[in-house]
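The values are calculated or read from the model by the stated rules, or taken from the named source; none is laboratory data. Note that the coordinates shown come from a computational prediction; the quantities given were computed from them, not determined experimentally. Note: ideal-geometry Cβ built from the backbone for every residue, glycine included; neighbour counts use all protein chains shown. Surface areas here come from the heavy atoms of the whole protein model, side chains and all, with no ligands, DNA or RNA. Shrake-Rupley method; radii C 1.70, N 1.55, O 1.52, S 1.80 Å.
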Amino acid sequence: MKTRSLGRSGLAVSALGLGCMGMSEFYGPGDDAESIATIHRAIELGLTFFDTADVYGPFKNEELVGRAIKGKRDQLIIATKFGIVRDPENPKARGVNGKPDYIRKSCEGSLRRLGTDYIDLYYQHRVDPNTPIEETVGVAKVEDIAKQKGCTASQLALAWVLAQGGDIVPIPGTRRRSRLAENLKSLDVQLTGEDLKQIEETFPRGIASGERYSEQMMKLIDAA
Ligand SMILES: NC(=O)c1ccc[n+]([C@@H]2O[C@H](COP(=O)([O-])OP(=O)(O)OC[C@H]3O[C@@H](n4cnc5c(N)ncnc54)[C@H](OP(=O)(O)O)[C@@H]3O)[C@@H](O)[C@H]2O)c1
């Protein structure tokens with residue numbers, strides 16, 4: 001099977017994947033036995049990339065894929081999604097949600113239904129216009145990494161800045177003693193090369209960054 005490197009994820013996948021949505025919804029009645037046999041045949045033929053989402057079914061498609069990949073998960077790249085909210089009582093009504101709390105719960109549900117402890121590609125169906133994208137892509141992950149390091153998200157951010165070079169001196173602003181104390185403790189957070197790599201991979205440059213000021217203020221910088 002030919003393979004390709006998928007977008008910026010760098011994941012090596014078969015050059016064709018299998019879209020599983022229609023097995024559970026939207027294209028008329030499904031036949032779970034035939035759907036599972038189709039996934040198994042796809043694996044035999046060398047496909048490694050399978051796409052589902054919590055919203056398909058809703059939830060039934062991830063359960064179906066989970067049943068089909070049982071015992072075969074290690075060889076596969078599984079993509080699933082979050083961000084479209086459906087009410088099982090009224091499945092035609094849709095909303096969007098990009099809040100970190102929602103994403104964390106969605107992720108836990110997807111892992112459970114897929115019968116796995118990791119998702120290779122977890123992506124957002126629709127951007128939530130009421131949630132800044134930095135919050136959606138960043139906060140949940142930075143909190144997770146900080147938890148692993150036994151520090152707060154702010155301390156992790158400052159520790160990362162400190163790790164950029166021995167000549168770098170952050171000047172975090174605060175009006176509170178509690179935050180001053182919290183920020184000072186960032187000096188005790190030791191980031192290993194592996195931690196830095198994980199942070200860089202979680203926040204590829206260009207995704208969680210932006211202009212420093214508004215357009216008008218930017219014009220005043222180096223204006224001469
Ligand atoms: N050279 C320049 O052009 C320039 C421009 C801007 C600023 N500066 C200097 O850089 C300093 C820092 O910049 P800045 O204040 O704009 O940005 P900053 O340090 O990135 O952010 C300050 C904000 O973060 C909050 N904060 C601080 N510690 C926190 C923590 N542990 N958890 C959550 N929130 C926390 C503060 O709220 P609380 O106050 O409520 O804690 C405040 O709202 C300024 O004070 C100034 O001296 C220089």
Inset, instruction - May I ask for the angle, rounded to the nearest 10°, between helix 140-149 and the longest principal axis of the chain, with both axes built from Cα atoms and the value confined to 0 to 90°? - result: 70 degrees
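In whole percent, and with a 1.4 Å probe on the protein chains, what portion of the accessible area of the stretch 1-150 is carbon and sulfur? All intermediate terms of the calculation are to be shown ahead of the outcome.
Numbers: 4560 of 8490 Å².
Looking at the stretch 1-150 in its full context, I get 54 percent from C and S.
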Inset, instruction - Heads up, I need the accessible area for Arg41: 1.4 angstrom probe, whole protein in place, Å², nearest 10. - result: 120 Å²
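From the cross-link list Lys81/Lys147; Lys81/Lys149; Lys99/Lys141, which pairs have alpha carbons spaced over 19 Å apart?
Values: Lys81/Lys147 24 Å; Lys81/Lys149 27 Å; Lys99/Lys141 12 Å.
With Cα atoms farther than 19 Å apart: Lys81/Lys147; Lys81/Lys149.
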Legend entry - Rel. contact order, % - alpha carbon contacts under 8 angstrom, at least six apart, the stretch 114-221: 25 percent
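Please arrange Asp101, Asp54 by accessible surface area, largest first, computed with a 1.4 Å probe and ligands excluded. Mind showing how you got there, number by number?
Values: Asp101 100, Asp54 10 Å².
Final ranking, largest accessible area leading: Asp101, Asp54.
Going by the alpha-carbon gyration tensor, a ≥ b ≥ c the square roots of its eigenvalues, is the stretch 34-152 rounded (a/c under 1.5) or, if a/c is not under 1.5, prolate (a/b greater than b/c) versus oblate?
Details: a/c = 2.38, a/b = 1.39, b/c = 1.71.
It comes out oblate by the Cα gyration axes.
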Legend entry - Glu194 accessible area, 1.4 Å probe, all protein chains in place, Å² to nearest 10: 120 Å²
Legend entry - Under-5 Å amide H pairs with Ala163, H placed in peptide plane, nonlocal only: none
Legend entry - Rg in Å to one decimal, and Dmax rounded to a whole Å, for the stretch 77-224 via C-alpha atoms: 18.8, 61
Inset, instruction - Please work out the FRET efficiency for the pair Asp87 and Arg177, using the Cβ-Cβ distance as r and a Förster radius of 35 Å; give the result to the nearest 0.05. - result: 0.15
Inset, instruction - Would you check the accessible area of Glu44, probe 1.4 Å, heavy atoms only, in square angstrom rounded to 10? - result: 130 Å²
Legend entry - Per residue accessible area of the chain, 1.4 Å probe, in Å²: 64 Å²
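Which order do you get for Thr116, Thr3, Thr192, Thr52 if you rank them by accessible area with a 1.4 Å probe, largest at the top?
Working: Thr116 25, Thr3 100, Thr192 70, Thr52 0 Å².
So the residues, ranked largest to smallest area, are Thr3, Thr192, Thr116, Thr52.
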Legend entry - Positive-end extreme of charge dipole, the stretch 57-125 - chosen from Gly83, Ala93, Ser110 (charges on Cβ): Ala93
Legend entry - Two-site label geometry, Val127 and Thr192: point separation in nm, points 7 Å out along Cα→Cβ: 3.6 nm
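What's the FRET efficiency of Leu184 with Ala15 using the Cβ-Cβ distance as r and R₀ = 41 Å, to the nearest 0.05?
Values: r = 52 Å, r/R0 = 1.26.
Efficiency, from the Cβ-Cβ distance: 0.20.
Would you kindly state how much longer the chain becomes between Glu108 and Arg94 on full extension, computed as 0.36 nm times their sequence separation minus their alpha carbon distance, in nm to one decimal? Show your work: numbers first, answer last.
Values: separation 14, 0.36 × 14 = 5.04 nm, distance 2.07 nm.
Roughly 3.0 nm would be gained on extension.
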Inset, instruction - Scan around Leu11 for amide H atoms under 5 Å from its own, H built in the peptide plane at 1.01 Å from N, and keep only partners 5 or more places away or cross-chain. - result: Leu6
Legend entry - Among Gly7, Ile221, Ala146 the positive-end extreme of the charge dipole of the chain (Cβ point charges): Ile221
